[in-house]
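The values are calculated or read from the model by the stated rules, or taken from the named source; none is laboratory data. Everything quoted here is computed from the prediction, not taken from an experiment. Methodologically, a virtual Cβ is constructed for each residue, glycine included, from the backbone with ideal geometry; neighbour enumeration extends over all protein chains shown.
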Amino acid sequence: MVPADYPFFFTGEVVNFLIPNEQEREEVVLTRKYPIGKNPLFLSSAVGVKIEGANRPDFKDAELLYMVADTPTVNYNVLYPLRTKKYRYVAYSSPQDKRIQLAEWHMYGLGDYPLMPERIWANHALSKTHRGILDLMNDGDWSSFYMSAVEGEKLYFDLGKPQVLTKFTLIPRNDDNYIHLGDEYELYYHGGIAGWKSLGRRVAERTELHYDNVPQGALLWLRNHTRGKEERCFYIAAGKQIFQ
């Protein structure tokens, strides 16, 4: 394909050309590389989730460590417990009208040491299939996920001995088109007959990418050089990514 002019989109009434202003540049904050689609429905599965700690396997001494009150805006979320006591058992509970949909779930102790449970069980009998997919919550793949068979499921984690819990990493079910920590990205803008021009590469250290040299009015394309194929062009309006 050979570019013949600047890109444009048609609203049904007006043709809008996306012509980059090389003299006027702006800072942009990027959180995705592909339209969100139905993804908020997946992230909203975390709303109402309760995380509790206990030192009895029947959880009669359970204490609330965290509750997810609103839909996460990104897939990778770090949660800090309300209490810093030692607990042997951790419970992850979904609301009564929702199923657990977890891509990744990690628990950490002092010194950010990852805590691996010795045993996982639920508030009902897990099928052989669901016991087999529990490992998807800790396989490093942000797109694979564990999904409970029933609504209102509670998962229980036995840490083997009482531990101080310092933080949790929660990644709900998602399409992995958010900014993936550690991945290398490159942002391009379309220069008309000159084609795509690079604005530089970034290795993601957070769930946002910041570029401060973006020509205003340009059509943009964020490419992930590490993983994935789903990418779509967008432009910036009122500081937000608008995908076409």
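The figures follow:
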| read-out | value |
| --- | --- |
| Residue satisfying condition, being within 19 Å of the chain's Cα centre (by Cα) and either surrounded by 17 or more Cβ atoms within 10 Å (Cβ to Cβ) or at pLDDT 95 or above (or both), within set Leu115, Leu136 | Leu136 |
| Residue pairs meeting the criteria (Cβ under 8 Å; at least 6 apart or on separate chains; first on the phi < 0 side of the Ramachandran plot, in the stretch 142-164; second surrounded by fewer than 16 Cβ atoms within 10 Å (Cβ to Cβ) and small (Gly, Ala, Ser)) | Ala149/Ser127; Gln163/Gly109; Val164/Gly109 |
| Boolean, Ala122 is more than 26 Å from Pro40 (Cβ to Cβ) and at pLDDT 95 or above | yes |
| Pair list, Cβ < 9 Å and 6+ apart or interchain, from the stretch 83-96 residues that are at pLDDT 95 or above to residues that are polar (S, T, N, Q) and in a strand (DSSP E or B) | Lys86/Gln163; Tyr87/Gln163; Arg88/Gln163; Ser94/Gln101 |
| Test for Gly53: is it in a strand (DSSP E or B), modelled with pLDDT of 90 or more and within 30 Å of Asn123 (Cβ to Cβ) | yes |
| Hits in the stretch 83-123 (condition: in contact with a Ser or Thr (Cβ under 7 Å, 6 or more places away or on another chain), of a type outside the set (A, V, I, L, M) and closer than 14 Å to Pro162 by Cα) | Tyr108, Gly109 |
| Answer residue from the stretch 189-236, given it is among the polar types (S, T, N, Q) and either within 18 Å of Asp175 (Cα to Cα) or touching a residue at least 40 places away in the same chain (Cβ under 8 Å) (or both) and is surrounded by the most Cβ atoms within 10 Å (Cβ to Cβ) among those | Asn224 |
| Close pairs (9 angstrom Cβ cut-off, 6 or more residues apart or separate chains): closer than 18 Å to Leu220 by Cβ in the stretch 1-26, part of a strand (DSSP E or B) and among the β-branched types (Val, Ile, Thr) anywhere | Phe8/Val15; Phe9/Val15; Pro20/Val214; Arg25/Val214; Glu26/Val214; Glu26/Ile236 |
| Selection from the stretch 93-113 of residues that are under 18 Å from Leu79 (Cβ atoms) and in contact with a helix residue (DSSP H, G or I) (Cβ under 9 Å, 6 or more places away or on another chain) | Ser94, Lys98, Ile100, Gln101, Leu102, Ala103, Glu104, Trp105, His106 |
